[in-house]
1. What's the Cα-based Rg to Rh of the stretch 665-716, Rh via Kirkwood?
2. Please compute the length gained on full extension between residue 206 and residue 585, using 0.36 nm multiplied by the number of residues separating them and subtracting their Cα-Cα distance.
3. Nearest 10 degrees, 0 to 90: what angle lies between the long axis of helix 481-493 and the longest principal axis of the chain (Cα atoms)?
4. In 10 Å bins starting at 0, how do the alpha-carbon pair distances of the stretch 367-423 split up by percent?
5. Percentage of Cα-Cα pair distances in the stretch 241-328 greater than 18 Å, rounded to whole percent?
6. For the stretch 522-740, compute Rh as the Kirkwood radius over C-alpha pairs and then the Stokes-Einstein diffusion coefficient at 25 °C and 0.890 mPa s; write the answer in µm²/s, rounded to an integer.
7. Per residue and in cubic angstrom, what volume does the convex hull of the Cα atoms of the stretch 571-691 have?
8. Per DSSP H run of at least 4 residues, take -39500 (n - 2.57); add these up for the chain, divide by its residues and hand me the 222 nm value, nearest 500 deg cm²/dmol.
């Protein structure tokens, strides 16, 4: 009967803490005339409710349908109880701790309501740098554990004043149980220090802006760490920042007040302004205008793309507000603003991001001229996320702030797995049930501090999730720190180890997030990964089926003259290509600017210290070297990025006729490279390379796997949008669909997810 009285216990799991979920349930229950209570616990949100059966059912339906904007409901489980209705109404009760089975929310940009308060001269939070509410602000980076309560955050040392307490206790208030809520009277405070650590007088925001306008470099404390900031329009300031940070050519991200402010620098297509304003605030790669480099000299030299990010913390908004002369209200945010700031991670020499005040003064000494700090601790390091829009939607280049620790739903549940990723762009992944939790970007494991950060991130993720792994997965390369750490971790806990081949893991990451089961065709193209035969792979056509894979084909190998050094010097790969063509005598003269050229020619002729690689990344390098685009790279992937930009500038071109050969599953691109060796127009050569490569890959798939209708595309080469667009069009004509990474980057930042998925299937199948 519709009017029968029932009592139910309801369990809601997912991202349901710190997002206004309890007051949301409270309001629904009161509206529906129900009795009972709601609380947080380590498993999520627990509800006890009594009332008319129809109203209880309505409550459950509306919880799923109308959840708060920052919430993510994974499951709702209801069961009957013997609790009787007592007519006491519906209340919110205190949280209960225990073994964690929920997850923290991610950090989000300050919301419009809070901005309105900040820029209202009559509001008590006028220009207060730590304004937030239930719908916005920090979560993950300030949390020490679950349940998500103030005592387990870095706001614990800041007791709320009476007015903040009143807001906190009112279920109908936007700040009800907003654990990070505070005000100028009771919350953290800003201060500005000079390069020696002495406090500077006056308003910290005004002082910071004055320094930036004077060409100084200021370290600014953010959500997940410090940024190094300078005036992006000041060529001298940008050059000084590069020199001090030892970042010669790698592009910087620019922070602008709003999307209209980006118009002088970039061209925005459909959907791109919306990406900039996401609550998660990733930096978005946008196509540069021809005048960009003159307006922002030295920010992204030679590249076709500019990374643009909008403010997401109150501190950042305050800098733009100060530059706009402190107008009241938020209308100024609808108009283009002049201020453009370089905002780059404060991590000197490839070290982890700086998060502590004392740490900043020590590690950034001599780099920053001043420090804009505050007294709220950052608990967890977390870099900015970087993404771009593609034909298939948002694509991550780096997944971190705003997305960690969002879970990736897996098509299978099982015991927990720890996966430790690779060497470059390291992340770790922990599974719980049918969810995969990927850490924030950790970085390249080429110094001790980043290795320590890997171990620190693993411990934190396991603690937050409240799980003990049943197996540890890792890359096959025995010399990676991630592999050694996996072995040590497993040994200490007497856990089994599972090595997962690099390109198998790349493909598995895509298979996991798209819930693709059974035998799948996969194209894995990247810089390098250790193959199961002990050689350097990187251009692989695989058949993947759960824990197994078959190598159907690969790119024809090229020698790596000088070993790993060739991976950063495209002229060496160009020399290897010339040798392969039978044109080795040209090497010394062609690359006479390099003292090692004669020796490289001899090494190639004698087959000395030239290990073979099937890497597609090295094919890109060979093309760049032959075209004279880049002889020596300043950062990983630079040559390929420059080639992509040049191809885009040149426009469409027909592929080279007979530019490749396919023999027994091996794709030989030497005919294409031979044409590039004689090409005098580098831009035309770059366009020809991309067009021919796309045609060659499509033909390779047709020949080797003629019956397949889908191809899983993975590996860092699939960040190249010129290549992907052309390949997608060609495969579409062959009635074949590309399946790409969406929730994690296609590069090595997604390896840990693939490793975890293979290991989970291994556990379940055994």
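Every number here is computed from the coordinates shown, using simple stated rules; none is lab data. As the structure is a prediction and not an experimental result, all values here were calculated from the model. Don't worry about glycine lacking a Cβ; one is built from the backbone with ideal geometry, like all the others, and counts go over all protein chains shown.
1. 1.06
2. That works out to 130.1 nm of additional length.
3. 50
4. Pair shares across the bins are 14, 31, 33, 16, 5, 0.
5. The proportion of pairs with Cα distances above 18 Å equals 48 percent.
6. 142
7. 113
8. Helix contribution divided over all residues of the chain: -9500 deg cm²/dmol.
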